[in-house]
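Notes for the one structure printed next.
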Amino acid sequence: MTATFVQSLALSHFRSHKQVSLALDGRPVALFGANGAGKTNILEAVSLLSPGRGLRRASADEMGRKPEGLGWKIRADISGATRVHEVETSAEPGRSRGLKLDGKPETQLALANLSRIIWLVPAQDRLWIEGAEGRRRFLDRMVMSFFPDHGEAVLTYEKAMRERNRLLKDQIRDARWYQAIEIQMAGAAERIWTRRTDALARLTASQDGAETSFPTADLNLVEAEGSQGLQLANDFAQALAASRAADLAAGRSLIGPHRSDLTAIYAAKETDARQCSTGEQKALLISLILANARALKADIGMAPLVLLDEVAAHLDTARRAALFDEICALGGQAWMTGTGPELFAELGLRAQHFEVSEENRMSLVTEHKAPHAD
């Protein structure tokens, strides 16, 4: 199978980096350096080669290098199945980011036709013990890897729901004000529910029978009371109409995919992820990212780009080596960060190794020879 990979990456005034340029050959990329050197900033730049707001979900203005405030630019050559594409995404101060693909303006959705990108960052480590909103966002990001326009359905639903919630807060009771909005919500909700269910089935199939050092998870999408069995738009539209009285009392919409939750059971121990140790929860997250990558490879014929921020530090030597073996077996390009080169010793020549450092407020990214595994 042909792998899609970033062949070159150049940053200008992006986050802490004034100017950075990397030449890459398709192998996994190991970035190491002290905390605050700018490793995650490079991963964030790569994440912006996909639709959306990137792995930090930041605004365009937040990404510019301070204190200059000149705007920022990311340029990449992406080697695809048949040719190399030039991608340029940038933003001027006070403006949303723009995109050029092979020199022509494009919408962000066009990026999904070049490469699929999935990631795991430390902020997700508490996924199983915090609120349902973070788990929905985590799930929807995986769904978008299979269905790139899923994000549009989510945005359509949320916009319509905000309009309905304004009516509810204003205690508007005339049904005519609600009908068109609820039809729009229902159409988007059907797409959301259908694709979430489809994605979970793909992840489950990808875990089944996989030989891995990481635990499998039994996944389930749990719907709020009143939302069960409403997978079809017509059924949900009727349920919204029936729930107006309760929603008026609450001042918000009480049913719908915005109330869904993702649950996971550590299959080998039959233990809810919320009750697992911190290490077990991290291992479950890594397992899901690997399953996502395998499922995508089976679906589109190419492994996605995988971004793993500070992942090695949380693993013992054996499991770290197992993760690197899994990454290399995928055959795609993975980007990983850590504080020292020893964390990537097991990768050896299978990866490119770069040190990220800072000197006189200038970031330096230097390629290093692969360290030898013990």
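What follows draws every value from the coordinates through simple rules; no lab data is involved. Owing to the predicted nature of the structure, the values given are computational and were not obtained by experimental measurement. All Cβ positions, glycine included, derive from the backbone under ideal geometry; neighbour counts span all protein chains shown.
Which trypsin sites (Lys or Arg not before Pro) does the stretch 265-374 hold that lie in a coil by DSSP with at most 16 other beta carbons within 10 Å?
When the trypsin sites (Lys or Arg not before Pro) of the stretch 265-374 are filtered for loop state and at most 16 Cβ neighbours within 10 Å, Lys269, Arg361, Lys369 remain.
Reported to two decimal places, what Rg/Rh ratio describes the stretch 290-355 when computed on Cα atoms with Rh from the Kirkwood expression?
Rg/Rh for the stretch 290-355 comes to 0.97.
Along the stretch 106-121, what does the Karplus equation 6.51 cos²θ - 1.76 cosθ + 1.60 (θ = phi - 60°) give for ³J(HN,Hα), rounded to whole Hz, x for Gly and Pro?
Those phi angles translate into 9, 7, 4, 4, 4, 5, 5, 6, 8, 7, 10, 10, 10, 8, 9, 10 Hz.
Rounded to whole Å, give me the distance from the Cα center of the stretch 250-298 to that of the stretch 151-188.
28
Any chance you could get the radius of gyration and Dmax over the Cα atoms of the chain, in Å?
22.0, 73
Testing the spin-label approximation: label points 7 Å from Cα along Cα→Cβ at Lys369 and Asp218. State their distance in nm.
5.2
If you fit an axis through the alpha-carbon atoms of helix 317-330 and take the longest principal axis of the Cα set of the chain, what angle between them do you get, 0 to 90°, nearest 10?
80
In a GNM of the chain with a 10 Å cut-off on Cα contacts, which of Thr263, Thr216, Thr194 has the highest mean-square fluctuation?
The residue with the greatest mean-square fluctuation here is Thr194.
Please get the size of the charge dipole for the chain, origin at its Cα centre, with Cβ charges of +1 on Lys and Arg and -1 on Asp and Glu, quoted in debye to the nearest 20.
That gives the chain a dipole magnitude of about 960 debye.
Where in the chain lies the longest segment free of GluC sites (Glu not before Pro) that are both loop residues by DSSP (not H, G, I, E, B) and have at most 10 other Cβ atoms within 10 Å?
With a cap of 10 other Cβ atoms within 10 Å, the longest stretch comes to 1-210.
So for the chain, if I pair up every lysine 8 or more residues apart or on another chain, how many of those pairs have alpha-carbons under 15 Å apart?
Taking the Cα cut-off of 15 Å, the pair count is 4.
Looking at the stretch 81-136, which trypsin sites (Lys or Arg not before Pro) are DSSP coil and have at most 14 other C-beta atoms within 10 Å of their C-beta?
Passing both the DSSP loop test and the Cβ count: Arg83, Arg95, Arg126.
Based on the Cα atoms of the stretch 8-66, what semi-axes does the equivalent ellipsoid have, where each is the square root of 5 times one gyration tensor eigenvalue, given in whole Å with the largest first?
Equivalent ellipsoid of the stretch 8-66: 18, 14, 11 Å, largest first.
What is the antiparallel percent of DSSP beta bridges lying wholly in the chain, to the nearest 5?
Given both bridge residues lie in the chain, the antiparallel proportion sits at roughly 75 percent.
Compute the helix-to-body angle for 233-242: its Cα long axis versus the longest principal axis of the chain, expressed 0 to 90° and rounded to tens.
60
Which angle from 0 to 90°, rounded to the nearest 10, does the C-alpha axis of helix 132-146 make with the longest principal axis of the chain?
Once rounded, one gets 70 degrees.
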